[in-house]
1. When segment 323-339 is examined, which residues are found to be modelled with pLDDT of 85 or more and either surrounded by 13 or more Cβ atoms within 10 Å (Cβ to Cβ) or not assigned by TED's automatic domain parsing to the domain that holds F238 (or both)?
2. Could you tell me whether K69 is of a type in the set (K, R), surrounded by fewer than 17 Cβ atoms within 10 Å (Cβ to Cβ), at pLDDT 65 or above and within 20 Å of L190 (Cβ to Cβ)?
3. Looking at segment 240-263, is at least one residue of a type outside the set (V, I, T), surrounded by fewer than 20 Cβ atoms within 10 Å (Cβ to Cβ) and touching a residue at least 60 places away in the same chain (Cβ under 8 Å)?
4. If we scan segment 239-249, do we find a residue that is within 19 Å of the chain's Cα centre (by Cα), under 30 Å from R137 (Cβ atoms) and of a type in the set (S, T, N, Q)?
5. Residues being surrounded by fewer than 17 Cβ atoms within 10 Å (Cβ to Cβ) and among the hydrophobic types (A, V, I, L, M, F, W, C): count how many of those fall in segment 118-128.
6. Across segment 81-120, what is the number of residues that are of a type in the set (G, A, S) and modelled with pLDDT under 90?
Amino acid sequence: MMVMVLVGCREEVSVPTGLEISLCMPAGDFLSSRQRVMGDPGLTEHFDLPEYAYIFVLMERNGEMTIWKKYNLILDAGKWEMKRYSGAWNTAGDSIFSYSESLHINLKGETPVGDVYAICSNTALTFDKDLNDVETRADVLNLKINTNSADIQGNLQNIYSTPYNYTVGEENKYYCSYVTNSKYAVKVDLLMYHIASKVDLKWSVPDSVRINRADTTKAVRLTYLEAQQLFDGWAYAFKPMENIVDAMPNPGRVITDIVTRNDEGLWWEGRTYFYTIPFKLSSEVNYFPIQLKMETNRTGDYYNVKIKQRVTDEVFVPWIRGNIIISKPLSQDVTRETE
């Protein structure tokens, strides 16, 4: 395994032909990495640009994809530039962050055909397999990263990869494949995407039940909210929609005190977001579950509410949105599921 700083690294740059690999990420139409959530001007979303890149270049040999080159790179976060994507895919014209220095590989007389995979992060990643032992396409696609540490859980929004089943064109080819020749340099844009889903929660109590005129002590309000049993194990690097578990993680990752008894400004309405690795229960593979622990009216009666997001896209992780409307104390409710 090679550890290096990516500073326009080239192999025998006097040779005009070769394979050029460029790191890119969708940025949206924003001017910096601090982004406001649409419709919520009071909330600022923060992204850190990647400082670590793990790149796997595969070459087809005798009908089989095997490792040709692999790189463990340290990036300069200051060298990401915002520009418009001008590549071949249907994202042309979108804003992207592009790393200003590409990786160049001299073909040395070869004209290989193959695929390129990459995962980037602002934090160093731990894989379930020694990267020196990664030799085949199956090895690459089955790589998992450890998401258990607090450092990784707090940075899930800053991890991006190339999903293996994003295909394009009439031939449905993997979008980061390459075909080289002996005359021209060939460029591969590694346009990477989030491996974690954004969970966007809004809650409200209708005006009609905020004050109970018959008994003001029973005015409905949300006095505690937490997210629990979130995924915190080994997650696929290049198959972000295929994390499957037999049971809800227990305890899993827990985000406490989203709303507390002291947060009077959030008792009746509010909004928050967090990022989590999407996963499916083996018994319900068409849904992603999100478990919430809620309390109303400081009663001490807690209820677990399961939000189930139907899976509609097998390539990109979904933006999961939940709108919670509380019209009576939870002590009068039962646990419910919402699609």
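The values are calculated or read from the model by the stated rules, or taken from the named source; none is laboratory data. Bear in mind that the values here come from a model prediction, so they are computed numbers and not experimental data. Here the Cβ is made from the backbone with ideal geometry for all residues, glycine too, and neighbour counts use every protein chain on show.
1. I324, I326 - these are the residues of segment 323-339 that are modelled with pLDDT of 85 or more and either surrounded by 13 or more Cβ atoms within 10 Å (Cβ to Cβ) or not assigned by TED's automatic domain parsing to the domain that holds F238 (or both).
2. On the way: of a type in the set (K, R): yes; surrounded by fewer than 17 Cβ atoms within 10 Å (Cβ to Cβ): no; at pLDDT 65 or above: yes; within 20 Å of L190 (Cβ to Cβ): yes.
No: the conditions fail for K69.
3. Looking for residues that are of a type outside the set (V, I, T), surrounded by fewer than 20 Cβ atoms within 10 Å (Cβ to Cβ) and touching a residue at least 60 places away in the same chain (Cβ under 8 Å), one finds none in segment 240-263, hence no.
4. Within segment 239-249, one or more residues are within 19 Å of the chain's Cα centre (by Cα), under 30 Å from R137 (Cβ atoms) and of a type in the set (S, T, N, Q).
5. Number of matching residues: 2.
6. Of segment 81-120, the ones of a type in the set (G, A, S) are 86-88, 92-93, 95, 98, 100, 102, 109, 114, 118.
Subsequent filtering for residues that are modelled with pLDDT under 90 retains 86-88, 92-93, 95, 109.
So the count comes out to 7.
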